[in-house]
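*Asks:* To start, I am sharing the structure in question, which I have written as structure tokens.
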Amino acid sequence: AFEKVAENHPTASVVVRLEERPIALESSIKQTTLLTQINNKFSTTPNDFYVVIWALVSKDYDVGKVQDRIGGNLGFSYDSWKNKSVDQKAIDIYRVLCYKKFVLLLDDLWARVDLNQVGIPKPSKRNGSKLIFTTTSLAVCGEMEARKKTKVDCLKPKEAWKLFQDKVGDETLNSHQCIQELAKQVAKMCGGLPLALITMGRAMACKTTSVE
């Protein structure tokens with residue numbers, strides 16, 4: 001989904017909304033994986049953007065920490081800048097970006113992020129800049145005034161099990177009946193999340209007993 005977003009070059013704000021899940025960590029893992037894809041897409045494809053900025057927001061949103069991540073992308077990584085106030089950092093960030101064409105990737109939003117407070121000029125068709133963020137909340141989509149939404153669903157049970165099988169391998173799955181039953185339980189716990197399925201599948205690939 002993110003690859004399509006990057007290829008289509010959205011005009012301003014785009015949100016990738018994941019299927020809401022009870023375990024926030026799992027949703028966060030999938031979001032970050034997808035955001036990595038779009039970050040790589042912009043980084044490896046020729047474009048006229050001055051900078052591509054990726055900042056993790058998360059549930060415990062701290063405007064100062066987000067500014068530090070953005071500042072690192074802009075070269076403001078020295079200690080004296082990090083000790084500035086939120087307002088001072090916002091001024092510095094705005095001065096760099098106000099006449100630049102940029103892409104801002106905000107990962108894992110749980111609430112509205114005030115771009116003015118951070119120091120980010122509002123992306124628009126006129127300035128050509130782009131804001132792309134991930135969230136599991138439709139309310140956040142509205143609060144951030146997202147112009148385009150892309151919903152990413154988790155894999156269906158059969159697709160998830162096939163992916164998990166591919167990563168574990170037939171040799172391990174067929175080594176003992178208990179292994180296959182345990183593998184099905186682990187795959188189910190991954191909730192259809194590709195990264196979780198791949199990670200857990202690879203971890204089980206070298207196991208030959210249920211104890212392991």
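*Asks:* Being more than 19 Å from I198 (Cβ to Cβ), over 19 Å from the mean Cα position of the chain (by Cα) and of a type in the set (K, R) narrows it down to one residue among K122, K158; which is it?
*Replies:* K122
*Asks:* Could you figure out which of (1) without any contact (Cβ under 8 Å) to a residue 60 or more places away in the chain; (2) more than 27 Å from R202 (Cα to Cα); (3) small (G, A, S); (4) surrounded by 14 or more Cβ atoms within 10 Å (Cβ to Cβ) isn't true of A160?
*Replies:* Only one criterion in (1) without any contact (Cβ under 8 Å) to a residue 60 or more places away in the chain; (2) more than 27 Å from R202 (Cα to Cα); (3) small (G, A, S); (4) surrounded by 14 or more Cβ atoms within 10 Å (Cβ to Cβ) is unmet by A160, namely (2).
*Asks:* If you check I179 against the conditions, is it surrounded by 18 or more Cβ atoms within 10 Å (Cβ to Cβ), assigned to a loop (DSSP other than H, G, I, E, B) and among the β-branched types (V, I, T)?
*Replies:* No.
Yes or no, residue by residue, for (1) modelled with pLDDT under 90; (2) not in a helix (DSSP H, G or I):
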site: K89; (1), (2): no, no
site: D92; (1), (2): no, no
site: Y99; (1), (2): yes, yes
site: D107; (1), (2): yes, yes
site: P123; (1), (2): yes, yes
site: R126; (1), (2): yes, yes
site: G142; (1), (2): yes, no
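*Asks:* Determine if the range 65-79 includes at least one residue that is touching a Lys or Arg at 6+ places or on another chain (Cβ under 9 Å), within 21 Å of V140 (Cβ to Cβ) and modelled with pLDDT of 90 or more.
*Replies:* Within the range 65-79, one or more residues are touching a Lys or Arg at 6+ places or on another chain (Cβ under 9 Å), within 21 Å of V140 (Cβ to Cβ) and modelled with pLDDT of 90 or more.
*Asks:* For the list (1) of a type outside the set (S, T, N, Q); (2) at pLDDT below 85; (3) outside any helix (DSSP H, G or I), I need the number of the one condition that L131 fails.
*Replies:* (2)
*Asks:* Out of C178, C141, C154, report the one residue that is out of contact with any Phe, Trp or Tyr (no Cβ under 8 Å at 6 or more places or on another chain), of a type in the set (A, V, I, L, M, F, W, C), closer than 30 Å to D68 by Cα and touching a residue at least 24 places away in the same chain (Cβ under 8 Å). Explain how you work it out, then say what you get.
*Replies:* Working: C178 fails: closer than 30 Å to D68 by Cα; C154 fails: closer than 30 Å to D68 by Cα.
Every option except C141 fails the conditions.
*Asks:* Hey, could you check the range 52-64 for residues that are out of contact with any helix residue (DSSP H, G or I) (no Cβ under 6 Å at 6 or more places or on another chain) and farther than 15 Å from F133 by Cα and say which is modelled with the lowest pLDDT?
*Replies:* In this case the residue turns out to be D60.
The values are calculated or read from the model by the stated rules, or taken from the named source; none is laboratory data. For clarity, every value in this text was computed on a predicted model and none was experimentally measured. Don't worry about glycine lacking a Cβ; one is built from the backbone with ideal geometry, like all the others, and counts go over all protein chains shown.
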